[in-house]
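Notes follow once the structure below has been shown.
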Amino acid sequence: MMKGKQSLYFAVSPYILSAASIAGKKEGEGPLGNCFDELGKGKDNLFGKESWEEAESEMQKRACLKAVEKAGLLPQDIRFLFGGDLLRQGVATSMGIEALKIPMFGLFGACSTSGEAIALSAMSVAAGYGDHVLAVTSSHFGSAEKEFRFPLGYATQRPLSAQWTVTGSGAFVVSTQKSNVRVTGVTVGKIVDFGLKDSQNMGACMAPAACDTITQNLEDFGRDVEEYDQIVTGDLGYIGQSILFDLVRRKGKDISKKHMDCGMKIFDQKTQDTHAGGSGCGCAAITLASYVLPKIEKGEWRKVLFVPTGALMSTVSFNEGESVPGIAHGIVLEHVNG
């Protein structure tokens, strides 16, 4: 049923039956290194392939197969797949899941793609369009830097506001079959643009959208911040988090004691030289799969608002001097007693 301006509440909730995370070597050296299902080897994270783009596709395929395996299913049991990535025309996804032969919807929500994919998967399952639907996304440091910034060989200096694109892929089976985690609601984000043009400060570009979705979720569901054990954003990083707190306070709320950002959690800022934190589609996806969902499954967190954030820029828009609008999608995840 519809709730408020932008939200949906599922009377019969779909469940997250399984999740899988494939991560790069640098991610494996961070605080969550022991949580991932599989790690890349070597600084290039090629996963046995010859290019970064092929490696990203390979990560997606492995994440999908692992999630399906964990669910006790086969690829032919999956009704639909919702997936996307950061590259032009979503090529990492289309080439990654080609061999699985699953009916597919390709998405682009930048770094918010995991939320978009899970939301659409949950809506499809709740509506009766499939018993098992797969959501997947990915990013790769090498392919993203190559496409959106400068070739790595240029050795350009990164400003302190820059974030490190996470090499990783996360996949989730959303199902009618019961598990300890269910999706009880969705708040669909809208594009928010404060006119910022600095692509090396994506946290500032995305924070307004995160604020908009979080406060709209609270309004639509008639909830207070205290009703959530955690409000988890995707990849605002240290700068974006500070801006988010200020923006939310202007709306009369304080989330500072309930907030966790995946971009801040995935790397150790002091030892890994990632400046403002992590980013990329894989950042929120693998943090959700490896760290957040297990806490919900165990009942350590009973209700979580997961809000991955995206900076909706392209190489064309950036080169033409356009601003970087943001978007964020909210997914309400709740613990279910076994």
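Any read-out appearing in this document is the output of simple, stated calculations on the displayed coordinates, not a laboratory observation. As the structure is a computational prediction, the values presented were derived from the model and not from experiment. All Cβ positions, even for glycine, are placed from backbone atoms using ideal geometry, and neighbour counts span all protein chains on display.
At-a-glance table
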read-out: Relative exposure of E98, E334, E53, judged by other C-beta atoms within 10 Å (fewest first); value: E98, E334, E53
read-out: Qualifying trypsin sites (Lys or Arg not before Pro) for the stretch 1-103 [loop in DSSP, other Cβ within 10 Å: at most 15]; value: K5, K41, K43, K49, K101
read-out: The stretch 246-265 versus the stretch 48-116: alpha-carbon centroid distance in Å; value: 31
read-out: Percentage relative contact order, the stretch 1-147, counting C-alpha pairs under 8 Å, at least six apart; value: 23
read-out: Evaluated at q = 0.15 Å⁻¹: base-10 log I(q)/I(0), Debye formula over Cα of the stretch 181-335; value: -0.74
read-out: Tensor-based shape of the stretch 2-175 (alpha-carbon gyration tensor, a/c under 1.5 rounded, otherwise prolate or oblate); value: prolate
read-out: Of K70/K178; K70/K298; K197/K265, those spanning more than 23 Å from alpha-carbon to alpha-carbon; value: K197/K265
read-out: Long-range amide H partners of T165 with built H, under 5 Å; value: S279
read-out: q = 0.15 Å⁻¹, the chain: log10 I(q)/I(0) [Debye, one scatterer per Cα]; value: -1.21
read-out: When the convex hull of its Cα atoms is projected in every direction, mean area for the stretch 246-338 (nm²); value: 8.3
read-out: The chain - mean residue ellipticity at 222 nm from DSSP helices (-39,500 (n - 2.57) per run, n ≥ 4, rounded to 500); value: -9500 deg cm²/dmol
